[in-house]
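The values are calculated or read from the model by the stated rules, or taken from the named source; none is laboratory data. Computed from a predicted model, the values in this text were never measured in an experiment. No Cβ is skipped: glycine too gets one built from the backbone with ideal geometry, and neighbour counts run over all protein chains shown. With ligands, DNA and RNA removed, areas are computed over all heavy atoms of the protein, side chains included. Shrake-Rupley method; radii C 1.70, N 1.55, O 1.52, S 1.80 Å.
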Amino acid sequence: MLTGISVAIMGGDARQLEVIQKFTELDATVILLGFDNLGRQFHGVTNVKLDPELFGHVDALILPVVGTDETGQVESIFSSEEMILTDEHISSLPKHAKVYTGMAKSYLKKLVSAHDIELVELLDRDDIAIYNSIPTAEGALMMAIQNTDITIHGSVCMVLGFGRTGFTMAKTLQGLGATVKVGVRKPEHYARAWEMGFQPFYTKDLYPEVGNIDLLFNTIPTMIVTAQVITNIPHRALIIDLASRPGGTDFRFAEKRGIKAMLAPGLPGIVAPKTAGRIMANTLSQLIEEDFKDRSDVE
């Protein structure tokens, strides 16, 4: 239970609704910022406008998956008002407070660091990334089916990267009957991919390996699908880049060559916001309960 713990939830999308629901069920004191156009009613929550004075009694500040942009703006689909998280807001937080987000840009990192407030980035956690890889893979499949005229079964698919998302993506494609080529950098990943029945290769050999593919799914967040590589990709192929912006594909050259390439970050929140929200809510509630259970200054 989170009785006596004050949580401010600032901005976000449909995923935050699951977080709000979870925290109210656990008896936290919940303050909503940037939810003035929210049609759904939650019992026992306080919906307020952004004011530095509100932060003085907050134990946990929960921001959207992408906390702020580089100007401090916090996005919220439930508000028409602009919200900027400023130095004044963070300086008002109690010293024991923590800020939780999915990933933080340099603006937010500098802001909390200046006031010795701890920042928790959820997407750095293996458990969150593994859970999120499931809706990511399903969303990527949806995009592939919508943008091709072939079945996944019998196709030749390539997955670049064999991390948490790449592993789930490759296994999902294999389960649908595709031939799956997996590009890796580490020998241990090569061995694991081979053991699982994939066709592994090292990414340094990417150019010759793309010559016969139908679908390419990239999870590596650095430029790897270069113009040179694209010259050897069949025109029929579709590239779906799952890496964080700006992705790892030369989209300009792909378009010039007539190959369809799509950047698709943030798929969990797009294709399965309820599931993605529950993942965030469960992890956040466990973290906050653990972080504050022994605090004598939390009333």
>> Just checking, does the stretch 212-227 include any residue being assigned to a strand (DSSP E or B), of a type in the set (A, V, I, L, M, F, W, C) and surrounded by fewer than 20 Cβ atoms within 10 Å (Cβ to Cβ)?
In response: no
> If the Cβ limit is 8 Å and pairs must be 6+ apart or interchain, which residue in the stretch 263-277 that is without any contact (Cβ under 8 Å) to a residue 40 or more places away in the chain and within 23 Å of Phe253 (Cα to Cα) pairs with which residue that is among the hydroxyl-bearing types (Ser, Thr, Tyr) and open to solvent by less than 40 Å² (accessible area, probe 1.4 Å)?
Replying inline: Leu263/Thr249
>> For the stretch 162-173, which positions are small (Gly, Ala, Ser) and either open to solvent by less than 10 Å² (accessible area, probe 1.4 Å) or outside the structural domain of Leu141 (by the TED database) (or both)?
In response: Gly166, Ala170
> Considering only residues of the stretch 85-102 that are free of Cβ contacts under 8 Å to residues at least 40 places away in the same chain and not in a loop (DSSP other than H, G, I, E, B), which is farthest from Pro52 (Cα to Cα)?
Replying inline: Thr101
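Going by the structure shown, is Ile240 of a type in the set (A, V, I, L, M, F, W, C) and assigned to a loop (DSSP other than H, G, I, E, B)? Explain how you work it out, then say what you get.
On the way: of a type in the set (A, V, I, L, M, F, W, C): yes; assigned to a loop (DSSP other than H, G, I, E, B): no.
For Ile240, the condition - of a type in the set (A, V, I, L, M, F, W, C) and assigned to a loop (DSSP other than H, G, I, E, B) - is not met.
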> Restricting attention to the stretch 196-206, and to residues there that are in a helix (DSSP H, G or I) and under 17 Å from Met169 (Cβ atoms), which single residue is least open to solvent (accessible area, probe 1.4 Å)?
Replying inline: Leu206
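Looking for something part of a loop (DSSP other than H, G, I, E, B), out of contact with any Phe, Trp or Tyr (no Cβ under 7 Å at 6 or more places or on another chain), among the hydroxyl-bearing types (Ser, Thr, Tyr) and surrounded by fewer than 14 Cβ atoms within 10 Å (Cβ to Cβ) - is there at least one such residue anywhere in the stretch 244-253? Can you show your working first?
Start the filter on the stretch 244-253 by keeping residues that are part of a loop (DSSP other than H, G, I, E, B), which leaves 244-248, 250.
Then drop every residue that is not out of contact with any Phe, Trp or Tyr (no Cβ under 7 Å at 6 or more places or on another chain), which leaves 244-248, 250.
Retained after the next criterion (residues that are among the hydroxyl-bearing types (Ser, Thr, Tyr)): 244.
This time we only want the ones that are surrounded by fewer than 14 Cβ atoms within 10 Å (Cβ to Cβ), so: none.
No, there is no match, as no residue in the stretch 244-253 is part of a loop (DSSP other than H, G, I, E, B), out of contact with any Phe, Trp or Tyr (no Cβ under 7 Å at 6 or more places or on another chain), among the hydroxyl-bearing types (Ser, Thr, Tyr) and surrounded by fewer than 14 Cβ atoms within 10 Å (Cβ to Cβ).
Being under 23 Å from Gly139 (Cβ atoms) and open to solvent by 10 Å² or more (accessible area, probe 1.4 Å) is the requirement here; does Asp241 meet it? Before the answer, list the steps.
Working: under 23 Å from Gly139 (Cβ atoms): yes; open to solvent by 10 Å² or more (accessible area, probe 1.4 Å): no.
In short, no.
Take the residues of the stretch 94-114 that are open to solvent by 10 Å² or more (accessible area, probe 1.4 Å) and closer than 19 Å to Val19 by Cβ: which is modelled with the highest pLDDT?
Within the stretch 94-114, the first condition is being open to solvent by 10 Å² or more (accessible area, probe 1.4 Å), and the residues that meet it are 94-96, 98, 103-107, 109-111, 113-114.
So of that shortlist, the ones also closer than 19 Å to Val19 by Cβ come out as 98, 103-104.
Values: Lys98: 96, Met103: 90, Ala104: 93.
So, considering only residues that are open to solvent by 10 Å² or more (accessible area, probe 1.4 Å) and closer than 19 Å to Val19 by Cβ, the one modelled with the highest pLDDT is Lys98.
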